[in-house]
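Heads up, the thing below is written out as structure tokens.
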Amino acid sequence: MFYREAGDFKVSYADDSQTFPIKFDRYRYYAVLAVAFGIIPFLINDYWANAILLPFLIYSIAAIGLNILVGYCGQVSLGTGGFMAVGAYACYKLMTAFPEVSMFIHVILAGGITAFVCVLFGLPSLRIKGFYLAVATLAAQFFLVWLFNRVPWFYNYSASGQINAPERDTLGIIITGPNAPAWATYLFCLIFLTVCALIARNLTRGTVGRTWMAIRDMDIAAEIIGVNPLKAKLTAFAVSGFFIGISGALFFAVYLGAVEVGEAFGISKSFLVLFMVILGGLGSIFGSFAGAAFLVLLPVILKVVGVDLLSWPTDIVAHFQLVIVGALIIVFLIAEPHGMAQLWRVAKEKLRLWPFPH
Amino acid sequence: MKKTLTTLALGAAMAAGPAMADLVFPDLSYRTGPYAAGGIPFSDGYNDYFTLLNERDGGIGGVKAKVVECETGYNTEKGVECYESTKGQGALIYQPLSTGITYQLIPKVTADNIPLHTMGYGRTSAANGEVFSHVFNYPANYWNGASGVVNYLLEENGGDLSGKKIALVYHNSAYGKEPIRTLEELSKKHGFELVALPVDHPGQEQKSQWLQIRRDRPDYVVMWGWGVMNQVAIQEAANIRFPMENFIGVWWSGAEHDVMPAGAKADGYKAVTFHNVGRDFPVFDDIQKYVVDAGKAAGAGDQVGNVLYNRGMYAAMLAAEAAKTAQEIHGTADITAAMMRDGMEALVIDEAKMEALGMPNFGPTFNVSCENHGGPGLVGVTQWDADSKTWSLISDFKPSDTEVIGKLIEEDSAAYASENNIEPRCN
């Protein structure tokens, strides 16, 4: 009834090609932005920031990055944890080498460095595909973790091999370290997420995104119609690496503050982000958000319900969580292989026709 | 997105619980994952001691103690979530039993004014109270442990280790890397050769490390392991027929569950410790009577008297005594985290107190001061007897090489202070 194109007249080409062609969608989008930027920062406390919102925002960036590579360009990657580690260590080296520079610049540079590393490891994708590429990126994962454990220069020769985020600011507002206010860390990550999502959304709607999708759907056919596979694949690796690097830098500097590479950026992190992308929906920006929210929130909700409300023993709840997350992944893959984004799409389709479905 | 926000709001309403009048002791435990074997007995001991205080004495200074358990799975992200969710409930002290989580919490607790007690783990240089105002690691730290091992070996070899080869098998994490610096210094001082062999998380795969040990034939193997890594290492050592009496673990690699899987082959394996072993102390009669027999034991209730159970109980005892001290200093039974910190800094553990608690000779006597948050650092050695399935103390608690350790602590804490712009206190 209210969710439909009818009556929403487009009078210019710009209007016609906007991201959200339906009025309701557009207003919903503005409302979410208004709540996220205008209301949440005033209500937020440490628990909300550190336990729920920061991981959600940061994993969303990582999921968008991986979605570009896997969902849009069809290049399977198991190296997300390693690439996040590149972002984190690049950010750490930059933070300690140039303390007076703004955190914004550090995080963006860390993303750039990760993009470069990601392209290097993406080079084999020109020759190998599918499972073989997955194994090559798996090698990247193990190599990078080994490298950051092995070479003391990366962790500034600290005794424990850990990296600790010193206190840094941007425009005089403390962003990292224990004294950073919750709203500042939240807004900092939110700005990065918003910009990343906008860039990703517009890239995927334009020429670049269409060449990626052409490569994903059938690379030989794409080559025949004039898509350059070298350019398409490497840009996908670069853009994806840039986003994953940003998320790694934020994960270390803003969220955790101290990181041990093997534990924080191990293979389980790669799988976690991959699950987010698969559950959320391959090839969908909204799906990246949904997947990240699902896998970040589910453990917290289960814990709140199981331990705090029902007073079950903590170990039982922890085990249940494994069972439930595992079961949900299987159910999702069987019932809706295209992820939560597809559910959303179907719901929108139904809404459009409602109340006269025939 | 909208749906997400609704669930968020719902969760907020649930997370904001009512203010508690009890003394809250959060227990960041791990009863799941590859490190659960160590996490369960420690957490059981920690819980049971507070249950005992509540049942027998009516709490601490008349106020009930409340333990809030939160499962971390030895994972730093969950540790942060646990910290944030419990700190609002009036948490008095954190004991995360994880070096990784400790590194995360050190700046946070200092900013939030809550004390952190990392007994025998964490950042060793936190022993310097001038720099680390809110972190305590009495009665002993990793470097005491490393030095204790070397001192014991010196004793066995008539005071001379030159030309000997010692291999360090360590968990490749902040925890396992912690002793390397001290051992390197000590190897220079005493002239032994140190070979460091990292084992990656979680430690089930150690074939190549033990192959190298078999090839290099070190005189002694020292282990800095935790969780499933310990059992695997002891099994591997038995497989290559490495003499068990030359294999020494740190105190996190010396519990019943570490040696049991290797059966009779583990006989003679040693581990250092900073507290006594066994259940031959009066306090265990009380635990049996008030906690276990009353059906109030934490977990399955089958861990009483195990090495790590004792350690968890000892950690709880030190926390409870610090709370009592804080109550005396501030003249109120309902203490806050800031008062708790003062209590920890003024903590005195003497013979009479240990006797009164039913733990005579269970741990060392010591005084905590503003400068010294590390305690005396006395280290004893225990050995496993596979026939009777018991650990027994074979070397009394002896001081470690404070000359070497003191210098390293000074160095490392100075580096931390300059990184974080901390002015030394205590003047």
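The values are calculated or read from the model by the stated rules, or taken from the named source; none is laboratory data. All values derive from a computational prediction rather than experimental measurement. Cβ atoms come from the backbone with ideal geometry, glycine included; neighbour counts cover every protein chain shown.
Numerical summary
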read-out	value
Out of B:Met14, B:Met20, B:Met1, sole residue that is out of contact with any helix residue (DSSP H, G or I) (no Cβ under 9 Å at 6 or more places or on another chain) and modelled with pLDDT under 90	B:Met20
Count - residues of the range B:92-115 that are within 12 Å of chain A (Cβ to nearest Cβ), of a type outside the set (Ser, Thr, Tyr) and within 24 Å of B:Ile335 (Cα to Cα)	9
Count of the range B:91-115 residues which are surrounded by fewer than 23 Cβ atoms within 10 Å (Cβ to Cβ) and either at positive phi or part of a loop (DSSP other than H, G, I, E, B) (or both)	1
Within the range A:135-161, considering residues that are among the small types (Gly, Ala, Ser) and within 30 Å of A:Gln75 (Cα to Cα), the one surrounded by the most Cβ atoms within 10 Å (Cβ to Cβ)	A:Ala140
Filtered residues of the range A:149-186 (kept if within 9 Å of chain B (Cβ to nearest Cβ), more than 20 Å from B:Asn113 (Cα to Cα) and not in a helix (DSSP H, G or I))	A:Ser158, A:Ala159, A:Ser160, A:Gly161, A:Gln162
Scope the range A:273-328; condition of a type in the set (Phe, Trp, Tyr), assigned to a helix (DSSP H, G or I) and within 12 Å of chain B (Cβ to nearest Cβ); matching residues	A:Phe286, A:Phe289, A:Phe294, A:Phe320
Qualifying residue in the range B:305-323 (condition: among the basic types (Lys, Arg), more than 14 Å from every other protein chain (Cβ to nearest Cβ) and surrounded by fewer than 24 Cβ atoms within 10 Å (Cβ to Cβ))	no
Index of the failed condition, A:Thr96 passing every other in (1) buried (at least 24 other Cβ atoms within 10 Å of the Cβ); (2) within 13 Å of chain B (Cβ to nearest Cβ)	(1)
Selection count, the range B:118-135, where residues are on the phi > 0 side of the Ramachandran plot and either more than 14 Å from the chain's Cα centre (by Cα) or within 14 Å of chain A (Cβ to nearest Cβ) (or both)	1
Flag if B:Gly88 is at the interface with chain A (Cβ under 7 Å from one of its Cβ atoms) and at positive phi	no
Inter-residue pairs, beta-carbon under 6 Å, first free of Cβ contacts under 8 Å to residues at least 60 places away in the same chain and in the range A:327-354, second in a loop (DSSP other than H, G, I, E, B) and small (Gly, Ala, Ser), 6+ apart	A:His338/A:Gly281
Residue identified as touching a strand residue (DSSP E or B) at 6+ places or on another chain (Cβ under 7 Å) and acidic (Asp, Glu) among B:Glu77, B:Glu81, B:Glu55, B:Glu71	B:Glu71
Output for the range A:33-75, where each listed residue is assigned to a helix (DSSP H, G or I) and closer than 16 Å to A:Leu203 by Cβ	A:Ile61, A:Ala63, A:Ile64, A:Gly65, A:Leu66, A:Asn67, A:Ile68, A:Leu69, A:Val70, A:Gly71, A:Tyr72
Any chance B:Phe25 is more than 13 Å from every other protein chain (Cβ to nearest Cβ), crowded, with 23+ Cβ neighbours inside 10 Å, at pLDDT 90 or above and closer than 21 Å to A:Gly306 by Cα	yes
Residue within the range B:142-161 that is in contact with a helix residue (DSSP H, G or I) (Cβ under 8 Å, 6 or more places away or on another chain), at pLDDT below 90 and assigned to a loop (DSSP other than H, G, I, E, B) present	yes
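Conditions (1) within 14 Å of chain B (Cβ to nearest Cβ); (2) crowded, with 24+ Cβ neighbours inside 10 Å; (3) more than 17 Å from A:Phe265 (Cβ to Cβ), marked per residue:
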position	(1), (2), (3)
A:Gly38	yes, no, yes
A:Ile61	no, yes, no
A:Gly74	no, no, yes
A:Ser77	no, yes, no
A:Tyr89	no, yes, no
